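One structure is given here, and the rest of the page talks about it.
The values are calculated or read from the model by the stated rules, or taken from the named source; none is laboratory data. Bear in mind the structure is a predicted one, so any value in this text is a computation, not a measurement. Note that each Cβ is placed from the backbone with ideal geometry, even for glycine, and that neighbours are counted across all protein chains shown. In case anyone asks, the SASA skips ligands and DNA or RNA and just uses the protein heavy atoms, side chains included. Shrake-Rupley method; radii C 1.70, N 1.55, O 1.52, S 1.80 Å.
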Amino acid sequence: MPVMIEIHDLWHVYGSGTAGEVVALKGVNLRIDQGEFVAIIGSNGSGKSTLARHLNGLLLPTRGWVKVCNLDTRSSEHLQEIRRRVGMVFENPDNQLVATIVEEDVAFGPENLGLPPAEIRRRVEQALETVGMATYRNHPPHLLSGGQKQRVAIAGVLAMEPSCIVLDEPTSMLDPQGRREVLRTIRGLNESRGMTVVYITHFMEEAAAAGRVLVMDDGRIVADGPPRRIFGQTELLERIGLGVPPLTRLARRLRMRGLPVPEVVLDAEELVSSLCS
Amino acid sequence: MLIEVTELTHVYLRGSPLEVTALRGVDLQVAEGEFLGLIGPTGSGKSTLAQHLNGLLRPTSGRVVVEGEDISAKRKPLRSLRQKVGLVFQYPEHQLFEETVYDDVAFGPRNLGLDEAEVKRRVHWATSLVGLPEEMLSRSPFELSGGQMRRVAIAGVLAMRPRVLVLDEPAAGLDPRGRRDILGHIRKMHQKEGITVILVSHNMEDVAELAQRIVVLHRGEVFLQGPTRKVFGQAERLRGIGLDIPPVTALMHQLRHRGLPVRADVLTVEEAEQEIVNHWRQRRPC
Ligand SMILES: Nc1ncnc2c1ncn2[C@@H]1O[C@H](COP(=O)(O)OP(=O)(O)OP(=O)(O)O)[C@@H](O)[C@H]1O
Ligand SMILES: Nc1ncnc2c1ncn2[C@@H]1O[C@H](COP(=O)(O)OP(=O)(O)OP(=O)(O)O)[C@@H](O)[C@H]1O
Ligand SMILES: [Mg+2]
Ligand SMILES: [Mg+2]
């Protein structure tokens with residue numbers, strides 16, 4: 001698979017040289033191939049959002065480098081191309097919603113890509129349908145509920161049809177069905193169009209559904225592997241303030257009490273079939 | 001009753017083409033010392049209702065009475081109400097405004113007219129309770145990570161030591177340990193000091209673990225209410241409006257479906273463990 005993102009010895013320092021200097025990334029090395037679905041987990045302040053903002057050149061390395069499709073984010077002439085390829089859904093939708101009505105907001109990205117008006121309309125319509133916000137197309141985004149804003153922010157990035165999508169806690173304010181739908185949509189784009197996905201989350205069960213999980217701690221990647229391997233490392237996860245999905249935890253406890261349950265269970269189906277086989 | 005909401009209707013942008021009726025004739029009673037879960041799908045009116053409870057929003061019609069005071073009727077400032085009812089906003093950025101974390105958390109206590117020594121004690125108590133390290137107090141609240149901001153916003157409300165806490169998605173953005181610790185502290189304050197808590201959340205697991213009673217909003221109306229176990233016993237009705245039951249409860253339903261006659265009304269991992277082990281010991285595998 002061709003490389004989508006390559007990061008070499010990335011350091012990021014906020015407020016460099018001031019009293020409040022914060023070293024947020026401490027030598028991150030990472031390669032993500034096209035078509036991967038990568039989840040990033042890590043405690044508050046571990047550097048996830050900082051890393052995400054490097055993936056489309058919103059932040060630039062204090063040291064080291066980041067390449068997207070072989071384009072180095074440090075060259076300003078690459079930035080436009082990089083942002084066309086990497087769409088980003090921010091942690092707080094207020095930082096993302098720019099226009100005065102929903103429809104214009106979702107159209108903002110595609111317009112910047114210079115697409116023909118008919119194509120823009122098609123994409124906006126489809127993206128709003130996908131997130132269930134079509135009836136709000138004429139509403140001002142800042143007057144929406146928390147979850148409605150988050151849905152519109154996701155629509156804005158979907159409408160750009162980027163080759164890589166970076167989502168920073170996209171479901172934190174969604175109801176259970178909304179969470180499932182967003183995840184299903186993203187997984188669908190990953191599977192059908194080979195869209196690369198980088199998915200930051202505090203929900204361990206969402207990370208368990210990814211192809212690969214990165215664990216961050218204090219500005220570094222401390223574990224990297226398939227979910228089954230990562231969620232088998234309970235001690236590491238607990239030491240750094242994380243944990244395992246609820247059903248994984250239940251399965252471990254049942255196993256400790258002598259029930260014939262595998263060591264690492266990732267979803268309900270696995271647990272049910274081990275108990276009812 | 002500590003809080004009595006009667007036929008509360010709230011209309012946003014009244015008279016404009018975008019008029020939205022966010023709450024429609026809502027009745028709600030909250031007893032002193034209760035821990036109430038408020039759930040509902042996206043846009044169902046939870047935040048709108050939460051903001052009525054400390055007077056940030058005024059009813060379009062209907063009444064909101066807190067400790068016998070009809071706050072819908074009043075035109076005067078609602079200072080005493082805001083001291084009694086602490087509201088943590090859904091997005092912490094909407095709540096932070098001072099230059100340092102310390103000043104932000106100190107804002108409420110200072111407004112209560114406390115002396116600086118007491119303010120300082122409260123700031124240290126509240127920030128350590130939410131897991132913010134000492135060295136973060138001198139930083140700007142706007143240069144923090146999302147979860148760190150959330151912690152500052154929660155600390156700012158706790159530092160006022162309100163008798164009623166209204167928490168609008170307080171755990172969104174917190175890491176798993178932060179979520180467990182902070183919600184655990186709030187549960188302790190509820191149990192030991194008898195504070196009343198209203199928890200708005202999309203996290204069915206948290207609500208199942210903490211709330212004694214649940215009110216479900218749907219399209220601005222009360223759709224369902226009752227003791228936590230009863231409400232989460234109605235999986236189909238909840239799923240029908242975009243909500244769900246906690247993952248362990250859903251698991252128990254699946255086990256029953258496959259022939260293992262476990263109780264389905266469990267709410268936590270610990271209860272599920274006990275129930276499954278009991279059945280296993282009786283050697284009645286499916
Ligand atoms: N604008 C900023 N200025 C200064 N420091 C910052 C800024 N943004 C973040 N930081 C600091 O950098 C570190 C990493 O923050 P980052 O936002 O990347 O964490 P995160 O892993 O996304 O956390 P969370 O789970 O809370 O969202 C934290 O210590 C944070 O305080
Ligand atoms: N300031 C506002 N102006 C106009 N309409 C608003 C405003 N705030 C909310 N609304 C609308 O009122 C309805 C209820 O919104 P509210 O924020 O109370 O929902 P919620 O249950 O908190 O949703 P969420 O789970 O997404 O946070 C929604 O349809 C929303 O679009
Ligand atoms: Mg973050
Ligand atoms: Mg809300």
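Values as computed for the structure displayed
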read-out: Pair list, Cβ under 6 Å, 6 or more apart: region A:135-147 residue farther than 13 Å from B:Val20 by Cα and in contact (Cβ under 8 Å) with a residue 12 or more places away in the chain, other residue open to solvent by 40 Å² or more (accessible area, probe 1.4 Å) and away from ligand 4 (no atom under 16 Å from the Cβ); value: A:Arg137/A:Glu103
read-out: All positions within region A:69-91 that are within 14 Å of chain B (Cβ to nearest Cβ) and hydrophobic (A, V, I, L, M, F, W, C); value: A:Val89, A:Phe90
read-out: Flag if A:Asp168 is within 16 Å of ligand 3 (Cβ to nearest atom) and open to solvent by 50 Å² or more (accessible area, probe 1.4 Å); value: no
read-out: Odd one out for A:Val66, checked against (1) within 16 Å of ligand 1 (Cβ to nearest atom); (2) open to solvent by 50 Å² or more (accessible area, probe 1.4 Å); (3) more than 14 Å from chain B (Cβ to nearest Cβ); value: (2)
read-out: Selection count where residues are within 14 Å of another protein chain (Cβ to nearest Cβ), assigned to a helix (DSSP H, G or I) and among the hydrophobic types (A, V, I, L, M, F, W, C), scope region A:129-158; value: 6
read-out: Meets criteria (surrounded by fewer than 24 Cβ atoms within 10 Å (Cβ to Cβ), within 16 Å of ligand 3 (Cβ to nearest atom) and of a type in the set (A, V, I, L, M)) for A:Val215; value: yes
read-out: Conditions (1) away from every other protein chain (no Cβ under 14 Å); (2) within 16 Å of ligand 3 (Cβ to nearest atom); (3) assigned to a strand (DSSP E or B): number failed by A:Leu58; value: (3)
read-out: Selection count where residues are more than 8 Å from chain A (Cβ to nearest Cβ) and crowded, with 21+ Cβ neighbours inside 10 Å, scope region B:229-245; value: 4
read-out: Failed criterion for A:Asn29 (all others in (1) surrounded by 18 or more Cβ atoms within 10 Å (Cβ to Cβ); (2) under 22 Å from A:Ile230 (Cα atoms); (3) more than 14 Å from chain B (Cβ to nearest Cβ) hold); value: (1)
read-out: Qualifying residue in region A:17-26 (condition: of a type in the set (A, V, I, L, M), assigned to a strand (DSSP E or B) and open to solvent by less than 10 Å² (accessible area, probe 1.4 Å)); value: yes
read-out: Helices (runs of 4 or more DSSP H) fully within region A:189-264 counting 1 or more residues that are basic (Lys, Arg); value: A:227-230, A:234-239, A:246-256
read-out: Pair list, Cβ under 6 Å, 6 or more apart: region B:136-161 residue under 13 Å from B:Tyr102 (Cβ atoms) and open to solvent by 20 Å² or more (accessible area, probe 1.4 Å), other residue in a helix (DSSP H, G or I) and within 16 Å of ligand 2 (Cβ to nearest atom); value: none
read-out: Looking only at region B:162-178, and only at residues there that are away from ligand 2 (no atom under 16 Å from the Cβ), of a type in the set (D, E, K, R) and in a loop (DSSP other than H, G, I, E, B), the one that is surrounded by the fewest Cβ atoms within 10 Å (Cβ to Cβ); value: B:Arg163
